[in-house]
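The values are calculated or read from the model by the stated rules, or taken from the named source; none is laboratory data. Since the model is a prediction, treat every value here as computed from it, not as a measurement. Glycine also receives a Cβ, built like all others from the backbone with ideal geometry; neighbour counts cover every protein chain displayed. All accessible areas refer to the heavy atoms of the entire protein, side chains included, with ligands and DNA or RNA removed. Shrake-Rupley method; radii C 1.70, N 1.55, O 1.52, S 1.80 Å.
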Amino acid sequence: MEERKRVEIKATAQVRAVMEQHFRELDEADKTKNRKIAWCSSVGPAELAISMGFLVYFFENHGAMLGSTRTANDYIPLANAAGYSPDICSYLTSDIGAYLKGETPLQRAYGIEHIPKPDVLLYNTNQCREVYDWMSWYARELKVPLYGINTPRTQRQSREDVINSVAAQIEEMVPGLEEVAGRRFDIDEFREVIATSRECSQLWEECLDTAEAQPSPMTFFDDCIHMGPAVVMRGRKEANDYYKILLAELKERVEQGVAAVEGARHRLYWEGMPIWGKLRIMSELFARLNSCILVSTYCNSWVFSDLDPKDPFKSMARAYSSIFIGQDDNWKEDYISEKVKRFNLDGILYHDSKTCPNNTNSRYAMPDRLSEQLGIPYLIIYGDLNDLRCFSEEQTITNVEAFIEQLEESR
Amino acid sequence: MTIYAGIDIGSCTTKAVVIDQEDNIIGSHVRRSGVDYQSVAREVLETALEGREWDNIPIVATGYGRHTIDFAKEVKTEIACHAKGGFHYAQRALMLVDIGGQDNKVIKIDNSGHRLDFKMNRKCAAGTGTFIEEIAARMAIPLEMLDDMARKAEKRVKIGSYCTVFASTEILAHIRAGVASEELVRGVFESVVDRVMEMIPLADPILLCGGVVQYFPIVADIFRERMSGEIIVPPLPQLTGAYGAALFARQSAD
Ligand code: SF4
């Protein structure tokens, strides 16, 4: 099958450097104990921890690395044998399995022997309960304190009483964190981190919005790589510096008409998690079929427009309680429709991720409802974020090819 | 005479159809796909050509192995080819149900032959030809006898699992309970229809195709019992995809 040539995004080298810096700092802290380390769920109270001097390690990011290096399936069975079902979050099972085996993709990527040992574990159930289950395992194993925020999900709108409760829960973490950090919390430092994080969100959102251009300068598969700093370094200047570089390059690509997929005839939406171990294959498949996936729920999940340094606790509560994954289907459908219209999309792909029901939105007839409302077709791809036993490449290729043929026919 | 060929390399069988300029089938052949798709495809096509020269014939390949053969000018998915072949036969808006060796498809087609939507079954083979074969092997009943046996069933037993392994255990439990083989076989066919009906709400007219429909006419009869509308079965249901591929070959060549 022919391979597509394309003009690569130059900032890819920088994003790798930023990610490497992140892991090297953590490794150094792990070895020298010069900084305290907090583990945090992806949309957890990272800014609070950063403001108190912690380095933050995102365990889901490690899960994604296990997926993208296609090593997850070496480890999942170990967690299964330890009583964690193959039907639950494969980030969790692959990560715990890797820990049990004493391995990590950081070894190959950076020569880092093991994941950094935490001083404290933080989570927020705004995305799922699994992050709690996952961190509870480590809390027992490593005997470190575990602090969590319980956020209700399936909301129609962020209610004031919910926001107040979440804000109170974030504040309640402070004394515990002070004890672990060995220093006092300072509201001004917190405001500063919130302001930096807010800027990161804005910049990342602007990067994602360059995809409105015809042709789009970036695909969903690119986004999955470039979102790294927004996940692991938000609240730190380095992330913002990086996104300024990326944004400038993307704007230049738009001006010069540089396409992420040369000659793309179909503009598509990706709903759900990436299939980390198959990013390249999927990216090549869509390019070969003259199609560009240019918007996704997933990569937009690191945009927190509500953050406001003037009211750090409450605005953080608001921002982190109003994320896509925590809302009801009406809210989600409005969100997707707005994107489909603004980005001028021709179809929606839903990834039914076997082990993450939280990030799977195709199981309660949303595809049919949205398709009827928007007048565009959809395809459901059955797979998983990490567990490749749940993914059939052949079936997926046939389904995708047939879907694109159908779009071609209807042009 | 100008001729065109379509070849459908399915996960279980490979089918070839040769047509003339009036879209009449002038040759066809079916064989097990085996492991060497390329040479099986060649053989099947050669047999279907019945001695005609096959240089320069426009050929379209489809099916699971469509990307593995080097002599086809073009590839199309089996969804496109089934829709094409089915619509050509029915010439109106319809829902096409293909029950194949390893997967089932339902395709919604409008009155100009365009596909509106399609669904393929999920990973398990339950409800497909492979499932029927596996159960027949387990019960040690030759495949040719299944259709007749099922028609003799006085009662029906329900096989509800959508996992092949679970369905097999369900059948073992029925055997232990002394259920007659005829009833079990009937239950297997009923479950094939159940699995299709779970995929999407069906609306008539429905065109049934695929190897399972060809070898086991009882499947179409069960659909007729279950639904009030029109159920169409083309003369050679198993060749629908290969025929569609041949039609694409003619269309691209013309
Ligand atoms: S959202 Fe899904 S993938 Fe992420 S941690 Fe929760 S269950 Fe796992």
Subject >> Dmax and Rg, reported as Rg then Dmax, of the range A:12-410 (C-alpha, Å) >> reply: 20.4, 65
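Rounded to the nearest 100 Å², what is the sum over both chains of accessible area buried where A meets B, with a probe of 1.4 Å?
On the way: alone 17100 and 11810 Å², together 27180 Å².
When A and B are taken together, about 1700 Å² of accessible area is lost.
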Original post:
Taking a probe of 1.4 Å, how large is the accessible area per residue of chain B, in Å²?
Top reply: 43
Original post:
So what is the accessible area of the range A:283-375 per residue, in Å², with the probe set to 1.4 Å?
Top reply: 35
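Would you work out the Kirkwood radius for the protein assembly as shown? I mean one over the mean of 1/r across all pairs of different Cα atoms, in Å. Show your work: numbers first, answer last.
Details: mean 1/r = 0.0365 Å⁻¹.
Taking the inverse mean of 1/r over all distinct Cα pairs, the protein assembly as shown comes out at 27.4 Å.
Could you give the C-alpha radius of gyration of the range A:1-57 expressed as a fraction of 2.2 N^0.38 Å, taking N as the number of residues it contains?
1.63
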**OP:** Using the Karplus curve 6.51 cos²θ - 1.76 cosθ + 1.60 with θ = phi - 60°, work out ³J(HN,Hα) for each residue of the range A:107-122 in order, rounded to whole Hz, and write x for Gly and Pro.
**Re:** 4, 6, 5, 10, x, 8, 4, 8, 5, x, 6, x, 9, 7, 10, 10
**OP:** Note every residue of the range A:384-411 with a reduction of at least 30 square angstrom in accessible area, all protein chains present versus the isolated chain, computed with a 1.4 Å probe, or write none.
**Re:** A:Glu394, A:Gln395, A:Thr398, A:Asn399, A:Glu401, A:Ala402, A:Glu405, A:Gln406, A:Glu409
**OP:** Could you pull out every residue, at least 5 positions away or on a different chain, whose amide H is within less than 5 Å of the one on A:Gln327? Hs are placed 1.01 Å off N in the peptide plane, and Pro or chain starts have none.
**Re:** A:Thr154, A:Gln155
Original post:
So which residues of the range B:29-76 lose at least 30 Å² of accessible area, probe 1.4 Å, when you go from the chain by itself to every protein chain present?
Top reply: B:Tyr64, B:Arg66, B:His67
Subject >> Flagged links, alpha-carbon separation over 19 Å, of B:Lys76/B:Lys105; A:Lys117/A:Lys314; A:Lys278/B:Lys73; A:Lys31/A:Lys117 >> reply: A:Lys117/A:Lys314; A:Lys278/B:Lys73
Subject >> Computed label-point distance, nm, for sites A:Lys244 and A:Arg280 using a 7 Å Cα→Cβ extension >> reply: 3.4
Subject >> Listed pairs A:Lys332/B:Lys84; A:Lys237/A:Lys354; A:Lys10/A:Lys237 exceeding 25 Å between Cα atoms >> reply: A:Lys332/B:Lys84; A:Lys237/A:Lys354
**OP:** Quick one: angle between helix B:78-90 and the longest Cα principal axis of chain B, in degrees between 0 and 90, rounded to 10, please.
**Re:** 90
Subject >> Over the range B:122-237, relative contact order from alpha-carbon pairs under 8 Å, at least 6 apart, % >> reply: 28
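With a 1.4 Å probe and every protein chain kept in, tell me what percent of the accessible surface of the protein assembly as shown is carbon plus sulfur. All intermediate terms of the calculation are to be shown ahead of the outcome.
Details: 13380 of 27180 Å².
Reported share for carbon and sulfur atoms: 49 percent.
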**OP:** Could you tell me how many degrees, from 0 to 90 and to the nearest 10, lie between the Cα long axis of helix A:312-321 and the main elongation axis, the longest principal axis, of the Cα atoms of chain A?
**Re:** 40
Subject >> Helix axis angle, A:279-288 relative to chain A longest principal axis, alpha carbon, degrees >> reply: 20
**OP:** Find the relative contact order for the range A:12-410 and round it to a whole percent, using C-alpha pairs within less than 8 Å whose residues are 6+ positions apart.
**Re:** 19
Original post:
Taking amide hydrogens as modeled 1.01 Å from N in the peptide plane, which residues meet the under 5 Å criterion relative to B:Glu74, leaving out close sequence neighbours?
Top reply: B:Ile59, B:Ala61
Original post:
Hey, quick one: spin label on A:Tyr335, modelled 7 Å out along Cα-Cβ, who in the range A:102-131 has an amide N within reach, i.e. under 14 Å?
Top reply: A:126-128
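Please say if the range A:1-150 is rounded, prolate or oblate, where rounded means a/c under 1.5 for a ≥ b ≥ c the square roots of the C-alpha gyration tensor eigenvalues, and otherwise the choice is prolate for a/b larger than b/c and oblate otherwise?
Working: a/c = 1.60, a/b = 1.18, b/c = 1.36.
Here the range A:1-150 falls in the oblate category.
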Original post:
Distance from the Cα centre of the range A:25-64 to that of the range A:196-218, in angstrom?
Top reply: 25
Original post:
About its Cα centre, how strong a charge dipole does the range A:12-410 have in debye, to the nearest 20, once Lys and Arg get +1 and Asp and Glu get -1 at the Cβ?
Top reply: 700
**OP:** Extending each Cα 7 Å along its Cβ direction at B:Ser252 and B:Ser161, get the distance between those two points in nm, one decimal.
**Re:** 4.2
Original post:
Got a sec? Which residues in the range A:58-88 would a label at A:Lys101 touch, if it sits 7 Å along Cα→Cβ and we count backbone N under 11 Å?
Top reply: A:70-79
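Evaluate Rg over Rh across the range A:52-140, taking Cα atoms for both radii and Kirkwood's formula for Rh. Spell out each step's value before the answer.
Working: Rg = 12.7 Å, Rh = 13.4 Å.
My calculation of the ratio gives 0.95.
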Original post:
Can you list the residues, at least 5 places off or on another chain, whose amide H is less than 5 Å from the amide H of B:Asp117, using H built in the peptide plane?
Top reply: B:Lys108
Subject >> For chain A, calculated [θ]222 nm from helices alone, where every DSSP H run of n ≥ 4 adds -39500 (n - 2.57) >> reply: -16500 deg cm²/dmol
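Would you mind working out the accessible area per residue for the range A:158-249, using a 1.4 Å probe, and quoting it in Å²?
With all protein chains present, the range A:158-249 gives 39 Å² per residue.
Counting Lys and Arg as +1 and Asp and Glu as -1, each charge on the Cβ, what is the dipole of the protein assembly as shown about the Cα centre in debye, to the nearest 20? Spell out each step's value before the answer.
Working: 75 positive and 98 negative charges, 138 e Å.
For the protein assembly as shown, the charge dipole is close to 660 debye.
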**OP:** Identify the trypsin sites (Lys or Arg not before Pro) of the range A:1-67 meeting these criteria: DSSP loop state and at most 11 other C-beta atoms within 10 Å of the C-beta.
**Re:** A:Lys5, A:Lys33
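Restricting to DSSP loop positions (anything but H, G, I, E, B) with no more than 16 other Cβ atoms inside 10 Å of their own Cβ, which GluC sites (Glu not before Pro) remain in the range B:92-167? Spell out each step's value before the answer.
Values: sites: B:Glu133, B:Glu134, B:Glu144, B:Glu154; in loops: B:Glu154.
The qualifying sites are B:Glu154.
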Original post:
the range B:1-136: D in µm²/s via Stokes-Einstein (Kirkwood Rh, Cα pairs, 37 °C, 0.692 mPa s)?
Top reply: 210
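Can you give the FRET efficiency to the nearest 0.05 for A:Arg184 and A:Lys251, using r as the Cβ-Cβ distance and R₀ = 25 Å? Working shown, then result.
Details: r = 42 Å, r/R0 = 1.69.
Approximately 0.05, to the nearest 0.05.
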**OP:** Return the distance in nm (one decimal) between the two label points of a simple spin-label model at B:Ile175 and A:Arg159, each offset 7 Å from Cα along Cα→Cβ.
**Re:** 5.7
